[in-house]
6 protein chains.
Amino acid sequence: MPLLDRLIALVDRISPPEDVHAHCDLPCGVYDPAQARIEAESVKGIQEKYQGSDDEVFRDRCILIKEERADLVKHHLWVLWTDYFKPEHAQKYPQLHQLFWDATKAAGASKKSEDPADGQKLLDLIQEIDTIFWETKKA
Amino acid sequence: MPLLDRLIALVDRISPPEDVHAHCDLPCGVYDPAQARIEAESVKGIQEKYQGSDDEVFRDRCILIKEERADLVKHHLWVLWTDYFKPEHAQKYPQLHQLFWDATKAAGASKKSEDPADGQKLLDLIQEIDTIFWETKKA
Amino acid sequence: MPLLDRLIALVDRISPPEDVHAHCDLPCGVYDPAQARIEAESVKGIQEKYQGSDDEVFRDRCILIKEERADLVKHHLWVLWTDYFKPEHAQKYPQLHQLFWDATKAAGASKKSEDPADGQKLLDLIQEIDTIFWETKKA
Amino acid sequence: MPLLDRLIALVDRISPPEDVHAHCDLPCGVYDPAQARIEAESVKGIQEKYQGSDDEVFRDRCILIKEERADLVKHHLWVLWTDYFKPEHAQKYPQLHQLFWDATKAAGASKKSEDPADGQKLLDLIQEIDTIFWETKKA
Amino acid sequence: MPLLDRLIALVDRISPPEDVHAHCDLPCGVYDPAQARIEAESVKGIQEKYQGSDDEVFRDRCILIKEERADLVKHHLWVLWTDYFKPEHAQKYPQLHQLFWDATKAAGASKKSEDPADGQKLLDLIQEIDTIFWETKKA
Amino acid sequence: MPLLDRLIALVDRISPPEDVHAHCDLPCGVYDPAQARIEAESVKGIQEKYQGSDDEVFRDRCILIKEERADLVKHHLWVLWTDYFKPEHAQKYPQLHQLFWDATKAAGASKKSEDPADGQKLLDLIQEIDTIFWETKKA
């Protein structure tokens, strides 16, 4: 590290700069529950197609593609929970942690189920998260 | 494969069932240009943050995270182009292939640029795709 | 699906079999906080090496490899939280959700920090999770 | 950023350096349709093995591994289309976009088919791309 | 690269600094055969669950999840072999290469087998590697 | 599993069918050292471009993209070593294990080096593997 930078780094320790990327891994500040919702719609869509088919290969592919899509739902939800939401949100919405736990567990349950009703349960929980999310964005 | 299935498979060759999953890899039928748009917003957001920072580590992280996000933009656009759009769409929108080529090239260009104007160009092209997409969904 | 299986499936709806893979995506039942801990040790190790080096390329690589390792920490912790822990655990350990939130946020914070003290904070939180985990396994 | 670099950066804005990495994400300039072809040979190979087996587990694995290999075919083709080919190529080969669309759609179709003839169709389209690719390299 | 760094780089060529990250890609120096062992336990766990189930969807999921877990076993073992072990270890343990070859081949074999005995063979080979690993760490 | 399949499975235990997919994870039987070579050419190409550039962002991107490409080299080589080569090859080519160890270590070393001579060393080792590979295919 060049000398000048060392000096800047030293000054920073004494008087830290405003943290422009607090509480988020990605410094971009872009979050949207639509990412989880789109994958969850895919999960439910696959469950519906599975019910309507007798083709073994097709059904096999349903199971494996649904596995991946449900994993993406979980990933997008976890990122939202850990990276977007801040302590003040958790205070205002005391159900927040439980809601994310239930939603990610519902995504896991959808891997094991070929019933579109399970996909719908997942979508309903994501809808609850979506409502809270947009309230915090407006605040 | 059990005997019964072999028989069904045989019958299928003679009189193929309606292809419920034509033109899409994922049988779910769920597509949404929002997936590409959200990642592109992230690309532009990172370019803006890069301009506003003098922190070397932060800027390094901007470059590497933008690389990933721009790759996701390209992936979501490619999937839309190959999996969602059908020959009749390409006929109705003769600019379709060029538009996707330009948009995915713009995503690549955003990896090399720290200028938010390049992120905006990418977003504008995705907006054009989005307009066509929703017209085809209504049709 | 062959006839026999259809019958079994039908019977299952009326009297569901014991759910051998309840609450876990992977049916294998194998979980171990060591997976998160090893990656977190890597995060801290990289922070230490970063401090001890003046080589620009080496420091760049530290930042990008730490980013990946911290992502793996988050992933392993999220899986543990959602897939391993069950409602009875959350009842017995009311701090569980907050602890996982803090730990995954600490992993995110370690991406932005080159200070091994931040890596250590992350390791301490994983240690708390590890203690609870092994108590629930013994129970 | 050290002072010297700031100066260089400033000069660059006024008189930009020759763009050594134009039109490619990877600055290395290495492309080869062999990457797509090898994965497509794998797709066709799996279809042949599927036909020759009665083992359920083996056939299940065929379906899931073919899914991954066909995804790699699509990825390598998309990268070639967007990153390697330039506007002058598209002008000289007006069939370029359609050819890549057909080839990536053929890769998607191979996921759904256990017929080696579909794998061969994919290979034939990649061969057409390969011919154009090496003509542009010689030019 | 700033002038000071250029000078340091020049000096380095004449008298290279102690290589702080010799023989490892990750500069962190953290390795642990537990990573491969945990995934291999998962492989064996899945084989056991597969034997105990008659549910087609469950068995399909076993096959695909086992495929992923066995791939992780291979990856962790390969990294250990190439990145952790040094020529002096290979000299002291002449069976090292063969042992890793056998272990990674056993992981591949476990993808094709639903017999927990094959998962156990894999675990036994990882145990042999683990013993050598910890001996080299103590040395 | 339908009754008929159970019977087949039972018969298989007594008289196992010819193992059509012995020694390979992918049942397709397609391997080609070109996959590792193409990525290694990319590694060397990046090292050359790095030397010819003074642009900090460009050089940062070189480091991170080279990291990924070198990882792909390692992956393709490991797969070749474990999945393609069989005990009779190892007997005929006693240098096989050492050669793969050296080559994958050279790929790791290329991550740390911006010197194209290191990329070339990697390519030379892959060439040695390639020669052996095609000899075994002809045999």
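The values are calculated or read from the model by the stated rules, or taken from the named source; none is laboratory data. Keep in mind that what you see is a predicted model, and the values were worked out from it rather than measured. Here Cβ is always computed from backbone atoms with ideal geometry, including for glycine, and neighbour counts include all displayed protein chains. These accessible areas exclude ligands, DNA and RNA; they are computed on the full protein's heavy atoms, side chains included. Shrake-Rupley method; radii C 1.70, N 1.55, O 1.52, S 1.80 Å.
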Item to check | Every residue from the stretch B:26-55 that is assigned to a loop (DSSP other than H, G, I, E, B) and more than 19 Å from A:LEU80 (Cβ to Cβ) | outcome: B:LEU26, B:PRO27, B:CYS28, B:GLY29, B:VAL30, B:TYR31, B:PRO33, B:GLY52, B:SER53, B:ASP54, B:ASP55
Checklist entry - Could we say that B:ALA70 is of a type in the set (Gly, Ala, Ser), within 24 Å of D:LEU96 (Cα to Cα) and open to solvent by less than 20 Å² (accessible area, probe 1.4 Å) here? => result yes
Item to check | Looking only at the stretch A:15-50, and only at residues there that are of a type in the set (S, T, N, Q) and at pLDDT 95 or above, the one that is nearest to B:GLY119 (Cα to Cα) | outcome: A:GLN35
Checklist entry - In the stretch A:86-131, which residue that is touching a His at 6+ places or on another chain (Cβ under 8 Å) and either among the aromatic types (Phe, Trp, Tyr) or open to solvent by 10 Å² or more (accessible area, probe 1.4 Å) (or both) is nearest to A:LYS44 (Cα to Cα)? => result A:LYS112
Next on the checklist: Considering only the stretch B:44-63, I want to know if a residue exists there that is open to solvent by less than 50 Å² (accessible area, probe 1.4 Å) and within 12 Å of the chain's Cα centre (by Cα).
Outcome noted: no
Next on the checklist: With the requirement that a residue be more than 30 Å from A:VAL57 (Cβ to Cβ) and either outside any helix (DSSP H, G or I) or at the interface with chain B (Cβ under 8 Å from one of its Cβ atoms) (or both), what does the stretch D:75-118 give you?
Outcome noted: D:THR82, D:ASP83, D:PHE85, D:LYS86, D:ALA90, D:TYR93, D:PRO94, D:GLN95, D:HIS97
